[in-house]
Amino acid sequence: MKQKVIIVGTGLAGLASAVRLMNKGYEVVMLDKFHQAGGRLNQLKKEGYTFDMAPTFFSMSYEFDELLKDCNLSPLFQFQELNPLYHVYFRGSRKHYKLFREPEKLAQEFKEIEPDFERKFKKYMEESGELFHDTIDKIVKRNFDNFYAYVWALMSVPPKHLPKLMRTFWQEVERHFDSNEVKEIISLVSFFLGGTPFNTPAIYTLLSYTEFMHDGYHNVKGGMYEIVEGLVRHLKEKGVTFHFNTEIVTFEVTNSGTLESLIDQNGTSWKADLFVINSDAALFRGKVFNRPAFSEKKLNSKQWTMAPFTMYVGIEGKLDQLGQHNYFLGNNFKEYANKVYTSDFKTDKPYYYVNIPSKNNTNAAPADGEALFFLCPVPDLRMIPDWSNKEQFGNEIIRDFEQITGQVISDKIRTKTIVAPDEWETTFNLYKGSGLGLGHTLKQMAWFRPKNVDEKFKNVFYTGASTVPGTGLPMAMISAKLTVNQIVKSYGSLS
């Protein structure tokens, strides 16, 4: 007899968990608050333009390949490797830098500001590569049954990496490079974790190895939402049912103390044998299960990732001189990074990222137009609760973009949609609008992160950004595998 699993949330980790559970013989039903699948890996269409709503590229593509191999599936979407990875612009300078994967080509980009860059870069890559290979299987891609197992795993990591526990990402980069521009560019990957190089531990410099040397970055042909559509199509073919506009608000338990059902906003009771929560693992425990350890006070005291201020703009005309992925930085990097976690944050000189999906996907814009996605990391709603000035802030970003690039787009806009942190919070149940869930501090990683097995209900499991191993698309894929391993360990494979 099949065991029925309800998965709450159709983000990447939820979808990947569903694929793995179906392969193990479980019956799966998926619920989501939003009107379509994908979570933050979603899509916006408006007036002939198509935008990826949040993630626009990813690393560690082999994690997707592993899912296909484990479940004996044919490819569901097509990768496109990026090289250059992205372009970086600085305010007040017409010079911009292309981030190539080849050290010799990268050295040419930085020859005027970082003498002997290639040697320095190779040394940095050697150290970050060793850190990656010495920890990825021992620490990142593991479930820990108890604290002692975690300590034992840490002890198996070569001691040469221990100093990185005491340093920040920025401090580690400073050991290798001299130019502020180079240090800022190399440190950008810490923002992909929703933090800054000044509050992200140096152990995450292993991500520099994944972006430049190990696997690089990838897009998906046709847009990132092809990942979601491919997984959903496969799941529907296998009999998985999806129910959207369904928000879980409370629950019922059995006499034996297991979870019997989840109840949505309309009072509908969703019963199953097992439950997988792809909604935020910390927030769900507090908001739905009312756990004291995840009360509002406790949640507020945790380190959360920055909030996203996003803008989706369709314009007339082409931007041939820009890359597909572009970062725009100012001249007060440390000050800006430190204020992005405070109420002192100023919106007049923003740092931001611009993705132009129409450079990769011709269907993203009309033939005579370009689609632009702006993402600016900002403080979450604890620091800035009022975003009634979102139009003004959006205009500041566009004005800055025009000044740096010399490309006037404000008079060519055909469509513009702004999603501020308050809308991200309500649309996807993100705590205080935090874009990527819990931050990655030493006290919120590995064993110390909210577990993927519930502490009270033995038939409840968690997957996604705020549980192990962390945030990002590759981590979501790993999280799904770790969660399903926990289920199989307790309930077995039914296939």
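Just a few scattered comments:
- The residue list Val19, Val29, Val8 contains one member that is surrounded by fewer than 19 Cβ atoms within 10 Å (Cβ to Cβ), at pLDDT 95 or above and not assigned by TED's automatic domain parsing to the domain that holds Leu188, which is Val29.
- Phe309 under 22 Å from the mean Cα position of the chain (by Cα) and either part of a helix (DSSP H, G or I) or over 27 Å from Ala281 (Cα atoms) (or both): no
- Residue count, the range 420-442 (criterion: in contact (Cβ under 8 Å) with a residue 40 or more places away in the chain and surrounded by fewer than 22 Cβ atoms within 10 Å (Cβ to Cβ)): 7
- Qualifying positions in the range 277-317 - touching a strand residue (DSSP E or B) at 6+ places or on another chain (Cβ under 7 Å) and of a type in the set (Lys, Arg): Lys302
- Hits in the range 387-419 - residues which are assigned to a loop (DSSP other than H, G, I, E, B) and surrounded by fewer than 19 Cβ atoms within 10 Å (Cβ to Cβ): Ser388, Asn389, Gly406, Gln407, Val408, Ile409, Ser410, Asp411, Lys412
- In the range 65-79, the residues that are surrounded by 13 or more Cβ atoms within 10 Å (Cβ to Cβ) and closer than 17 Å to Leu21 by Cβ: Glu66, Leu67, Leu68, Asp70, Cys71, Leu73, Leu76
Okay, residues lined up against (1) touching a residue at least 60 places away in the same chain (Cβ under 8 Å); (2) outside any loop (DSSP other than H, G, I, E, B):
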| residue | (1), (2) |
| --- | --- |
| Leu235 | yes, yes |
| Asn245 | yes, no |
| Asn255 | no, no |
| Glu260 | no, yes |
| Gly267 | no, no |
| Arg285 | yes, yes |
| Leu299 | yes, yes |
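- Taken as a whole, the condition of being part of a loop (DSSP other than H, G, I, E, B) and surrounded by fewer than 20 Cβ atoms within 10 Å (Cβ to Cβ) does not apply to Ile384.
- Residue that is surrounded by the fewest Cβ atoms within 10 Å (Cβ to Cβ) [pool: residues in the range 80-120 that are farther than 29 Å from Lys141 by Cα and under 21 Å from the mean Cα position of the chain (by Cα)]: His87
- Restricting Val276, Val249 to residues that are assigned to a strand (DSSP E or B), more than 30 Å from Lys412 (Cα to Cα), in contact with a helix residue (DSSP H, G or I) (Cβ under 8 Å, 6 or more places away or on another chain) and at pLDDT 95 or above narrows the list to Val276.
- So Lys451, is it part of a helix (DSSP H, G or I) and either in the same structural domain as Val249 (by TED's automatic domain parsing) or in contact with a strand residue (DSSP E or B) (Cβ under 7 Å, 6 or more places away or on another chain) (or both): no
- The listed residues are Gly394, Gly369, Gly406, and the only one of them that is farther than 30 Å from Glu226 by Cβ, over 22 Å from the mean Cα position of the chain (by Cα) and of a type outside the set (Lys, Arg) turns out to be Gly406.
- Residue among Glu109, Glu81, Glu66 that alone is more than 21 Å from Lys359 (Cβ to Cβ) and either in contact (Cβ under 8 Å) with a residue 12 or more places away in the chain or touching a Lys or Arg at 6+ places or on another chain (Cβ under 9 Å) (or both): Glu66
- The residues on offer are Thr50, Thr56, and the sole one that is modelled with pLDDT of 95 or more and in a loop (DSSP other than H, G, I, E, B) is Thr56.
- Some residue of the range 335-354 being touching a residue at least 40 places away in the same chain (Cβ under 8 Å), closer than 24 Å to Met224 by Cβ and surrounded by fewer than 19 Cβ atoms within 10 Å (Cβ to Cβ): no
- Count - residues of the range 463-482 that are within 14 Å of Trp447 (Cα to Cα) and either buried (at least 24 other Cβ atoms within 10 Å of the Cβ) or over 13 Å from the mean Cα position of the chain (by Cα) (or both): 6
- Residues in the range 179-238 that are farther than 30 Å from Thr168 by Cβ and β-branched (Val, Ile, Thr): Val220, Ile227, Val228, Val232.
- Here Arg291 does not qualify as closer than 15 Å to Arg91 by Cβ, at pLDDT 95 or above and surrounded by fewer than 19 Cβ atoms within 10 Å (Cβ to Cβ).
- Here Lys183, Lys141 are screened, and the one residue that is under 30 Å from Leu329 (Cα atoms), touching a helix residue (DSSP H, G or I) at 6+ places or on another chain (Cβ under 9 Å) and modelled with pLDDT of 95 or more is Lys183.
- Filtering the range 74-102 to residues that are closer than 18 Å to Asn360 by Cα and of a type in the set (Asp, Glu) leaves only Glu81.
- Looking only at the range 202-233, and only at residues there that are in a loop (DSSP other than H, G, I, E, B) and not small (Gly, Ala, Ser), the one that is farthest from the chain's Cα centre (by Cα): Lys221
The values are calculated or read from the model by the stated rules, or taken from the named source; none is laboratory data. All values derive from a computational prediction rather than experimental measurement. We place every Cβ from the backbone using ideal geometry, glycine too, and count neighbours over all the protein chains shown.
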